[in-house]
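One structure below.
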C-alpha cells in the first residue's frame with residue numbers, strides 16, 4: 001500500500017474553491033463559508049464522533065515579543081472565542 005500524498009495551503013478562499021470543485025476536502029470554519037453552504041455549493045459533513053476542538057497558534061520572531069505582540073495575541077484569543085469562528089454549529 002502506498003503512502004497518500006498530502007498538499008497544504010493556507011488560503012481559505014483557495015481551499016474552499018478546491019473543496020467546492022470536488023478535488024479536495026477540508027475542515028473549514030462554517031462562519032467563513034456560509035454562502036457556499038446556503039447555496040449547496042458545499043455540504044456540511046457531520047462527523048461522528050465530532051472532531052476534537054482546534055487550537056489557534058501564533059508564530060513570530062522571539063525578538064518581537066513584547067506588549068504589542070501580547071496585546072495582539074490577547075485580542076485574537078478574545079475574537080476567536082467571542083465569534084465562535086472555530087466552534088461547530090449545533
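If you take the residues in the range 27-42 that are modelled with pLDDT under 85 and touching a helix residue (DSSP H, G or I) at 6+ places or on another chain (Cβ under 9 Å), which one is farthest from residue 80 (Cα to Cα)?
33
Which pairs have Cβ atoms under 7 Å, sit 6 or more apart or on different chains, and link a residue in the range 54-82 that is over 21 Å from residue 27 (Cα atoms) to one that is exposed (fewer than 10 other Cβ atoms within 10 Å of the Cβ)?
Once the first residue is over 21 Å from residue 27 (Cα atoms) and sits in the range 54-82, its partners that are exposed (fewer than 10 other Cβ atoms within 10 Å of the Cβ) give 73/58.
The values are calculated or read from the model by the stated rules, or taken from the named source; none is laboratory data. Model, not experiment: these values are computed from the prediction. No Cβ is skipped: glycine too gets one built from the backbone with ideal geometry, and neighbour counts run over all protein chains shown.
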